[in-house]
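Any read-out appearing in this document is the output of simple, stated calculations on the displayed coordinates, not a laboratory observation. Treat the numbers as computed from the prediction; the structure is a model and nothing was measured. All Cβ positions, glycine included, derive from the backbone under ideal geometry; neighbour counts span all protein chains shown.
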Amino acid sequence: MFFPEGQVRVHVYGLPTDMRKSFDGLYALTCQGLAQDPLSGHLFVFINRRATQMKVLYWDRTGFCVWAKRLEQGRFLSDWHKVTTREMDWTGLKLLLEGIEAKVVKKRYKHPRSADAIGIIAA
């Protein structure tokens, strides 16, 4: 299924999840752990303790879908102590699915110094 980039809301559960859970177990975690409505159409992401498996639960208007991914090498997360229950964007989820942990990077725009500030006077 394809999602429009700006309309998808992704909620990540900030605690390790037992990957034996399926539709009903993930539904319960969404309601109780994330305090969200599973029927909203948002994506709900759950990761196991070793951070090698991930499941995504969502409602597609006709029923629940569960996506599962297991990494053969590496981990989805580097440290569970830094993980919190949060909302992320679709791009962040795509990176996470590839095993790339996105970090918050603040980009600052630097204004070019004006000619007057440098001391150059136009002739």
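Of note:
- Subset of segment 16-51 (residues that are in contact (Cβ under 8 Å) with a residue 40 or more places away in the chain, out of contact with any Lys or Arg (no Cβ under 9 Å at 6 or more places or on another chain) and within 20 Å of residue 92 (Cα to Cα)): 34
- Of all residues making up segment 30-65, the number that are surrounded by fewer than 15 Cβ atoms within 10 Å (Cβ to Cβ) and of a type outside the set (S, T, N, Q): 11
- Taking the numbered list (1) free of Cβ contacts under 8 Å to residues at least 40 places away in the same chain; (2) touching a strand residue (DSSP E or B) at 6+ places or on another chain (Cβ under 8 Å) in turn, residue 66 passes all entries but (1).
- Unique residue being outside any helix (DSSP H, G or I) and more than 19 Å from residue 15 (Cβ to Cβ) when the list is 61, 75: 61
- The residues of segment 41-82 that are among the aliphatic types (A, V, I, L, M) and closer than 17 Å to residue 30 by Cβ, listed by number, are 43, 45, 47, 54, 56, 57, 66, 68.
- Scanning segment 5-54 for residues that are among the polar types (S, T, N, Q) and touching a Ser or Thr at 6+ places or on another chain (Cβ under 8 Å) yields 36, 48.
- Of all residues in segment 69-96 being among the acidic types (Asp, Glu) and in contact (Cβ under 8 Å) with a residue 60 or more places away in the chain, the one that is farthest from residue 17 (Cα to Cα): 89
- For residue 89: the one exception among (1) charged (D, E, K, R); (2) under 17 Å from residue 9 (Cβ atoms); (3) in contact with a strand residue (DSSP E or B) (Cβ under 6 Å, 6 or more places away or on another chain): (3)
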